[in-house]
Amino acid sequence: MRTEEARPVRLEDYRPPDWLVETAELDVSLHPAASRVRAAITLRPNGNGAPAPLVLDGEALNLVSLKLDGVALPPDQFVATPNRLTITQPPQRRFRLDIETVIDPSANTQLSGLYRSGAIYCTQCEAEGFRRITYFPDRPDVMAVYTTRIEAEKGEAPVLLANGNLVASGNVPGTTRHFAVWHDPFPKPSYLFALVGGELACVEDRLRTMSGCEVTLRIYVEPGKEQRCLYAMDSLKRAMRWDEAAFGREYDLDIFMIVAVSNFNMGAMENKGLNIFNDKYILASPETATDNDFERIEAIVAHEYFHNWTGNRITCRDWFQLCLKEGLTVFRDEEFSADQRSRAVERIGDVRGLRTHQFVEDAGPLAHPVRPAVYREINNFYTATVYEKGAEVVRMLKVLLGPENFRKGMDLYFIRHDGQAATVEQFVQCFADVASADLTQFMLWYSQAGTPEVVATGSYDAAAKTYRLDLAQTIPATPGQPSKAPMVIPLAVGLVGRDGRDLPLKLVNGRTIEHGVVTLTKPAESLLFADVHEPPVASLNRGFSAPIKLSTNLSSDDLRFLAAHDADAFNRWEALQTLATRLLVDNTAALRANGAAREDRGLLDALGATLNDGQLEPAFVALALTIPGEADIAREIGRDVDPDAVFAARTALRAALGKHLAAPLFDHYHRLTESGPYRPDAAGAGRRALRNTCLDLLAAAGRPEAVSIAARQYQAADNMTDRMAALSTLSLCDVPQRAAALEDFYSRYADDPLIVDKWLTLQATIPEPATLDRVKALTEHRAFSFANPNRVRSLIHAFALANQKEFNRADGRGYDFIVDTVLALDPKNPQLAARLVSALRNWRMLEPMRRGRAEAALQRVAAAPSLSPDVDDIVQRALTQD
Ligand code: BES
Ligand code: ZN
């Protein structure tokens, strides 16, 4: 049963709350099937005159008792349903409500509100889960000071945690129960409330903040896993230091706690002083986690910590402003990772993620602006657009205004809005004020969906010694937005001379280009560069300064030149990707028409030169050798996509690469052998990434030695990165060693669910026709459970999202399987089901036969009775043509 409030919700309908909550005192008595919640809230009219009635949000609640100012409220003065509490004639002054409800955490399979992860009690309140705990004005612009008393059996829940600082604890006399009282002095919205109870071990550390306050740091985890929390703890300390140095922000409570749980819908949650994490993003040791896992843990620990300022101290006025905290905080965690590791490598990784997730979203029926104007289910708007494009928009502010003004703008934002629930306009106004800039047109980045397309045409005039660059921008139509206005596009540009050095950027009208950034504002504009004494190669959108699709008239020779010489590392990588994409798109078409794939010796040689360039960092080279994925190629093709042809084109290029570069690939594989013990640092991770990429390409070329090397590496590895990489390479080869290694892997790690997840994913992503039946069989495996989101994501989401070929089987059975799973999951966990059904969103891009089957699959979901609002919202939008 879901909330009855009017849907859809529109930004233009925003009204400030009629009532504010000053304090919320919660007394939660934990019990597996019937936890009692006593909430004492003091309400006060917001401004003069709070209209009757007072309506509090609820969801699936049972009211036990209700008092107003200490007196039981007569039944004719209120209406309580599971989804709301209405007080017909509230007093027009400050008053207190005592609300008692009973909830069943063990029956909560949605993992929203108070639920149990194994034997642990925990909460997840963002976005609208608090209303599943008690009746409350559950909206982010109602900020209250919370005091939380938790009571539980000592044996069942020896550890009791909530937001803020611990103020009291003890036994409940005459019982086997105990209690703890936590007080959080910072006013916060209800979505940041959290409590945890259970048998948990912890690791503890301390940190002295820049103003000299001692903070206790604790990570709570299932007993026995303490050693696997040390990297997360180290990441937390580095994140805290970094926020002081980079943004002048320090922590503000006596204690900062993280709890790792194994049943969690998302990655992690930034509850004030008490972050709750999916244990996948906390637990790591060299033997159990890959370099990639370590990198994600560092980033997510930092991300949730950074929310303490961008999200908690300053929160969102309403959920339309979600990017205000998420986009900004992703920007902050990306910058943190860039400073901790390699900036160029991080940027390439972030842009790859943006293209694979956000560009695809922006090109399909679920496209929406960074700040949507309407939603039916807010859970469906925690999207790549809000997060990743939202981060790009913040990054563009920094590019446009420069680092000093950017920092000043952030400082002003923290001063002006601390303690408030703010809007995107208020955020951007801070930058306009410090830089005396007009950011009106820039605001279009928040309101217009769709990826802007920029066409750049360069021409050199040898006689006049000028270089002319014509730039035109268009923004494609998206649902509800048929026509668009031109955007502000900051393009970092360079003109690269024959010797690889940048030529000075001087325009004929005498103007120079500040910091190498050209800002486009019109549908079309031209730049004429003066004193260009040799024909240059234009390097555009350096560092991916704007999240656009750029097409240029650069020739293959120009791109190979940039790959070898551009001063901007991102564009060296980009040049190789562009060359590969052009080839893969051509070859996909050729293969569909039963033609022959062409080979591009120039590309192979350019990649060989990159491999042999001793100046480049190994992590960069590994990324350069990773050719665009099937989803990237499909997106580039855009329509009538045949996933089998895409796969064949990509497989052929990987084989050609492994064959053409066999000697240097073997060479690098052996040269990059590590001598010392495993360390998860960026340099070591980069060497391992390159070494494993070399091996994988050799196997892709069908080299039998590569298979035996992989089998040997699998057995000999002293760390999960190398073991997993070898297994993954083997899994792509239909050889006897594969089955043996997969079996060995399971028997080694059967007791470790997070490692079994890797085993599930690997099998789900094998691009062979037998995979679908194998995946179905694995749903019956004792290691699998539909009740645990990590298991479902590792097996089923991985099949739908990371195995383009088998998910898009020509017979449509891949779609049917996903639809069956969605319908089975939906009644239990709608958020998880909604994310899974989104895998079908880009059905219109497919060739006609698959398109028909995918549409029929979506129609089957749409026709099912009693869908959750979450799944219903996705399928309705996915099927709507406009
Ligand atoms: N606030 C979110 C968690 C969240 C998301 C809660 C959706 C409820 C609904 C948190 O800060 C977050 O963004 N987590 C990400 C990881 C992050 C590194 C991008 C996640 O959980 O995937
Ligand atoms: Zn976040």
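The values are calculated or read from the model by the stated rules, or taken from the named source; none is laboratory data. Since we're looking at a predicted model, the values are computed, not measured. So basically every Cβ, Gly included, is an ideal-geometry build from the backbone, and we count neighbours across all protein chains shown. Accessible surface areas use protein heavy atoms only, side chains included; no ligands, DNA or RNA. Shrake-Rupley method; radii C 1.70, N 1.55, O 1.52, S 1.80 Å.
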State which residue is farthest from ligand 1 (Cβ to nearest atom) when the search covers only segment 116-145 and only residues that are crowded, with 24+ Cβ neighbours inside 10 Å and of a type in the set (Ser, Thr, Tyr). Tyr135
Can you tell me which condition Phe406 does not meet? The list is (1) part of a helix (DSSP H, G or I); (2) surrounded by fewer than 23 Cβ atoms within 10 Å (Cβ to Cβ); (3) more than 15 Å from ligand 1 (Cβ to nearest atom); (4) touching a residue at least 40 places away in the same chain (Cβ under 8 Å), and all the others hold. (4)
Might you let me know whether segment 345-366 holds any residue that is touching a strand residue (DSSP E or B) at 6+ places or on another chain (Cβ under 9 Å), open to solvent by 10 Å² or more (accessible area, probe 1.4 Å), among the aliphatic types (A, V, I, L, M) and on the phi < 0 side of the Ramachandran plot? yes
Note on Val394: of the conditions (1) part of a loop (DSSP other than H, G, I, E, B); (2) over 15 Å from the mean Cα position of the chain (by Cα), unmet is (1)
Within segment 291-303, which residues are surrounded by fewer than 24 Cβ atoms within 10 Å (Cβ to Cβ) and either of a type in the set (S, T, N, Q) or in contact with a strand residue (DSSP E or B) (Cβ under 8 Å, 6 or more places away or on another chain) (or both)? Asn292, Ile300
In segment 464-471, is there at least one residue being polar (S, T, N, Q), touching a residue at least 60 places away in the same chain (Cβ under 8 Å) and part of a loop (DSSP other than H, G, I, E, B)? no
From the list Ala107, Ala152, which residue is among the aliphatic types (A, V, I, L, M), crowded, with 23+ Cβ neighbours inside 10 Å and in contact (Cβ under 8 Å) with a residue 60 or more places away in the chain? Ala152
Take the residues in segment 637-678 that are without any contact (Cβ under 8 Å) to a residue 12 or more places away in the chain and under 16 Å from Pro618 (Cα atoms); name whichever of them is least open to solvent (accessible area, probe 1.4 Å). Asp667
Show me the helices (runs of 4 or more DSSP H) found entirely inside segment 749-829 where at least 1 residues are within 24 Å of the chain's Cα centre (by Cα) and buried (at least 22 other Cβ atoms within 10 Å of the Cβ). 753-764, 789-792, 798-802, 804-807, 813-825
Out of Ala260, Ala232, which single residue is assigned to a helix (DSSP H, G or I), under 23 Å from Arg791 (Cα atoms) and either within 16 Å of ligand 1 (Cβ to nearest atom) or at pLDDT below 95 (or both)? Ala232
If a residue has to be within 29 Å of the chain's Cα centre (by Cα) and either surrounded by fewer than 13 Cβ atoms within 10 Å (Cβ to Cβ) or within 19 Å of Glu287 (Cβ to Cβ) (or both) to count, how many in segment 207-218 make the cut? 0
Just to be sure before I move on: is Arg341 touching a strand residue (DSSP E or B) at 6+ places or on another chain (Cβ under 7 Å) and either aliphatic (A, V, I, L, M) or over 22 Å from Ile548 (Cβ atoms) (or both) in the structure I sent? no
Inside segment 321-356, can you point out the residues that are among the acidic types (Asp, Glu), within 13 Å of ligand 2 (Cβ to nearest atom) and within 13 Å of Ala302 (Cβ to Cβ)? Asp333, Glu334
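Condition check ((1) within 11 Å of ligand 1 (Cβ to nearest atom); (2) farther than 19 Å from Phe247 by Cα) across all residues:
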site: Ala299; (1), (2): yes, no
site: Phe306; (1), (2): yes, no
site: Thr310; (1), (2): yes, no
site: Ile314; (1), (2): no, no
site: Leu324; (1), (2): no, no
site: Gly327; (1), (2): yes, no
site: Ala338; (1), (2): no, no
site: Gly349; (1), (2): no, yes
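Any idea which of Ser112, Ser35 is in contact (Cβ under 8 Å) with a residue 40 or more places away in the chain, in contact with a Lys or Arg (Cβ under 9 Å, 6 or more places away or on another chain), of a type in the set (Gly, Ala, Ser) and surrounded by 14 or more Cβ atoms within 10 Å (Cβ to Cβ)?
Ser112
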Mind checking which residues of segment 377-389 are surrounded by 22 or more Cβ atoms within 10 Å (Cβ to Cβ), in a loop (DSSP other than H, G, I, E, B) and within 16 Å of ligand 2 (Cβ to nearest atom)? Thr383
Are any of the residues in segment 265-279 away from ligand 1 (no atom under 14 Å from the Cβ), over 16 Å from the mean Cα position of the chain (by Cα), modelled with pLDDT of 95 or more and open to solvent by 30 Å² or more (accessible area, probe 1.4 Å)? no
Under 30 Å from Gly409 (Cα atoms), in contact with a Lys or Arg (Cβ under 8 Å, 6 or more places away or on another chain) and within 16 Å of ligand 2 (Cβ to nearest atom): does that describe Asp252? no
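Only one of these is in a strand (DSSP E or B) and farther than 30 Å from Thr176 by Cα: Ala40, Ala24, Ala52, Ala80. Name it.
Checking each option against the conditions leaves just Ala80.
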Among the candidates Leu20, Leu26, Leu11, which residue alone is under 24 Å from Tyr146 (Cα atoms), open to solvent by less than 60 Å² (accessible area, probe 1.4 Å), in contact with a Phe, Trp or Tyr (Cβ under 8 Å, 6 or more places away or on another chain) and not small (Gly, Ala, Ser)? Leu26
